[in-house]
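First comes the structure, then the notes that go with it.
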């Protein structure tokens, strides 16, 4: 049960947005990007504060959220478990009750999806999932904005996910529903994504183990690191299992000639992707990384508007 009497709008998975909301948010992200580059002053969050809780290290998430609040005229607070009562065993529910009485939004980057869900259940202000082991919805907004800018609406397109059935793969399964595209997943046996998410996506998603089949005729090809944060002990096992799943020039040649390549970064050249692909003409990873800023500004604006 929530600690407040009103229902609060959060962003914990991509499915928290309706298809129409998601598309409107991308259009707004493109407009906010234009406004910034044109030098237009827009300060809708003056005297507003975002609390950022990091239990996982970060580069793009921290910089993009801090910069977003600064550009909106607001302020961002970096909170590490080493420096707060969260790291000393204070219940999540208590931290949520206290912080949400002091700040206007809360972003959490952590391991367990249940942590952001419990936090949101007791928060009076919007809670944003900055990444969990379950999903990474903020990255998907940036990816979808990037595709929109380069190729238009992704509806009806074919997307190929190559590699681990991890949090990014999970968010792409949700994105296939929200943005109405076909998703083909290729991963080694034993590293498949969540079966419940796959079942919910229905015919939009297909799972296989051959990357060549997955990328055939794809409009967008994606991959991620083979060992994510917290999986370092599995590094050698994963290197052997994923070796046939590198996205290289030969694999990209099976996709459409104008196919784009994306990676959420950081990337390991020579492992999940060859240098010739990530640094090549089909790669849009730098636009994708920049768009974390613009899409998250649109998200923050949306959530503040939904929770005045």
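Quick note: the coordinates plus some simple rules give every number you see, no bench work behind them. No experiment lies behind these values; they were computed from the predicted model shown. Glycine gets a Cβ as well: all are built from the backbone with ideal geometry, and neighbour counts include every protein chain shown.
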> For the chain, what is the relative contact order in percent, using Cα pairs closer than 8 Å and at least 6 residues apart in sequence?
Replying inline: 20 percent
> What's the extension gain from residue 233 to residue 195 if we count 0.36 nm per residue and subtract their Cα-Cα distance?
Replying inline: 11.2 nm
> How long, wide and thick is the range 139-284, going by the Cα atoms along their three principal axes, in whole angstroms, largest first?
Replying inline: 39, 36, 26
> Taking the Cα atoms only, what angle lies between the long axis of helix 285-306 and the longest principal axis of the chain, rounded to 10 degrees?
Replying inline: 40 degrees
>> Can you tell me which of 212, 114, 29 moves the most in a GNM of the chain? Springs connect C-alpha atoms under 10 Å apart.
In response: 114
>> Which residues among the range 142-158 fall inside the zone where the amide N is under 14 Å from a point 7 Å beyond the Cα of residue 265, along Cα→Cβ?
In response: 142-143, 146
>> Just to be sure I understand the model, the point goes 7 Å from the Cα along the line to the Cβ. What's the resulting residue 111 to residue 58 distance in nm?
In response: 1.8 nm
> Per-residue ellipticity at 222 nm for the chain, helices alone: DSSP H runs ≥ 4 residues times -39500 (n - 2.57), over residue total, nearest 500 deg cm²/dmol?
Replying inline: -12000 deg cm²/dmol
> Which angle from 0 to 90°, rounded to the nearest 10, does the C-alpha axis of helix 137-151 make with the longest principal axis of the chain?
Replying inline: 60 degrees
>> Restricted to Cα positions, what overall size does the chain have along the principal axes? Three whole-Å values, descending.
In response: 53, 45, 33
> With each pseudo-label sitting 7 Å past Cα toward Cβ, what's the residue 253-residue 102 distance in nm, one decimal?
Replying inline: 5.9 nm
> Cα gyration tensor of the range 156-206, axes a ≥ b ≥ c as square roots of the eigenvalues: rounded (a/c below 1.5), prolate (a/b > b/c) or oblate?
Replying inline: prolate
>> In the range 185-199, whose amide N lies under 17 Å from the spot 7 Å out along Cα-to-Cβ of residue 209? List them in ranges.
In response: 185-195
> Comparing 296, 71, 139, which has the greatest mean-square fluctuation in the GNM of the chain with Cα pairs linked when under 10 Å apart?
Replying inline: 71
> In what order do 192, 21 fall by count of nearby beta-carbon atoms within 10 Å, going from fewest to most?
Replying inline: 21, 192
>> With the cut-off at 1.5 for a/c, could you classify the range 185-246 from its C-alpha gyration tensor as rounded, prolate or oblate?
In response: oblate
> With the chain treated as a Gaussian network of Cα nodes joined by springs under 10 Å, which of 110, 13, 237 yields the largest mean-square fluctuation?
Replying inline: 237
>> Using only the alpha-carbon atoms, how far is helix 167-179 inclined from the longest principal axis of the chain? Give it as 0 to 90 degrees, nearest 10.
In response: 90 degrees
